[in-house]
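Derivation of every value follows stated rules applied to the coordinates shown; laboratory data play no part. These numbers come from a predicted model, not from an experiment. Glycine also receives a Cβ, built like all others from the backbone with ideal geometry; neighbour counts cover every protein chain displayed.
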Amino acid sequence: MRDVTFIIKRLWNFIWKEDSLLSWVVNIILAFVIVKFIIYPGLGFILGTSYPVVAVVSGSMEHSGYNFDDWWALNSMLYKNFNISNNYFKKGDVVVFRGSHGEPIIHRAVLVDEEDEKFFVQTKGDNNKASRDDELNITSDRIIGVAKFRVPYLGWFKLGFLSLIGKA
C-alpha cells in the first residue's frame, strides 16, 4: 500500500509541480483528454445535444463592430419583411442546424412555417443581407439545437486546436 501511495505522490508532483518539458506535454495531453472525454460529453448530456459548444467560424453573426442600436439602425430593414422588431430580435432564437454539407451552422431563425404537420425554419446570419439557399426550408431533422448563451472568443480555442491538427 505504501508503494501505491508513493507512486501517486510522485505522479502528482510530476504533473503539478515539476517544471519540465515532459511534464508540460503530459499536462497538455491530460487537459485534452479531460475536455474531450469528460467535459464536452458531460455538457452534451446535460444540454441534450451532441454539439454543446459551437464556434462561429465566419462573421455571419457579428454586428460589424457597432453597438447594437447603431447596427440595428443600419440593418433593421432586413428583418422588417419577417415582422421582427428590435425587441424580438434581441430575444429571437438562434439555432444550430446542419448546412448543405452536414456542417453545423449557427444563425437566427427568422421564419417558422408549418405545412402538413411538418415544421420548416428559415434562418439568416445577423451580418448577412439574405438567407443562404440551404437556410430556406430547414426541416426539424436538420436542427441540432438552440443557442442558450454566447461566450465571446471561446470558440477561438476550438478553432485554434482544429487548425493545429489540420481539421479547420
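Structure values in brief
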{"item": "Around GLY59: net Lys/Arg minus Asp/Glu count, Cβ-Cβ under 15 Å", "result": "+3"}
{"item": "Proximal lysines relative to LYS148, as straight alpha-carbon distance under 29 Å, when same-chain residues fewer than 8 apart are discounted", "result": "LYS36, LYS80, LYS90, LYS91, LYS118, LYS124, LYS129, LYS158, LYS167"}
{"item": "FRET efficiency, 1/(1 + (r/R0)^6) with R0 41 Å, evaluated for ILE38 and PHE119 via beta carbons", "result": "0.75"}
{"item": "Proxy reagent accessibility, fewest Cβ within 10 Å first, across LEU21, LEU159", "result": "LEU21, LEU159"}
{"item": "Globularity ratio of the stretch 53-168, using Cα Rg and 2.2 N^0.38 Å", "result": "1.11"}
{"item": "Length-normalised contact order for the chain - Cα pairs under 8 Å, 6+ apart - percent", "result": "19"}
{"item": "q = 0.16, 0.23, 0.32 Å⁻¹: log10 I(q)/I(0) that the Debye formula gives for the stretch 2-43, counting C-alpha atoms only", "result": "-0.52, -0.78, -0.94"}
{"item": "Top positive-direction residue, dipole computed over the stretch 23-168 with Cβ charges, set MET77, ALA130, HIS63", "result": "HIS63"}
{"item": "The stretch 83-149 - percent relative contact order, Cα under 8 Å, separation 6 or more", "result": "33"}
{"item": "Longest to shortest principal axis, alpha-carbon extents of the stretch 24-108, angstrom", "result": "52, 27, 26"}
{"item": "Separation of alpha-carbon centers, the stretch 10-55 and the stretch 143-167, rounded to whole Å", "result": "16"}
{"item": "The chain, helix-only ellipticity at 222 nm - DSSP H runs n ≥ 4, -39,500 (n - 2.57), divided by all residues, nearest 500", "result": "-11500 deg cm²/dmol"}
{"item": "Crossing angle, helix 2-16 versus the chain [Cα axis fit, 0-90 degrees, rounded to tens]", "result": "50"}
{"item": "Mean Cβ neighbour count within 10 Å, used as a protection proxy, ranking 137-144, 39-46 highest first", "result": "137-144, 39-46"}
{"item": "Electrostatic dipole magnitude of the chain [Cβ: Lys, Arg +1; Asp, Glu -1; Cα centre; debye, to 20]", "result": "780"}
{"item": "Given charges at Cβ of Lys, Arg, Asp, Glu: the stretch 2-47 dipole, positive-most of TYR40, VAL26, ILE8", "result": "ILE8"}
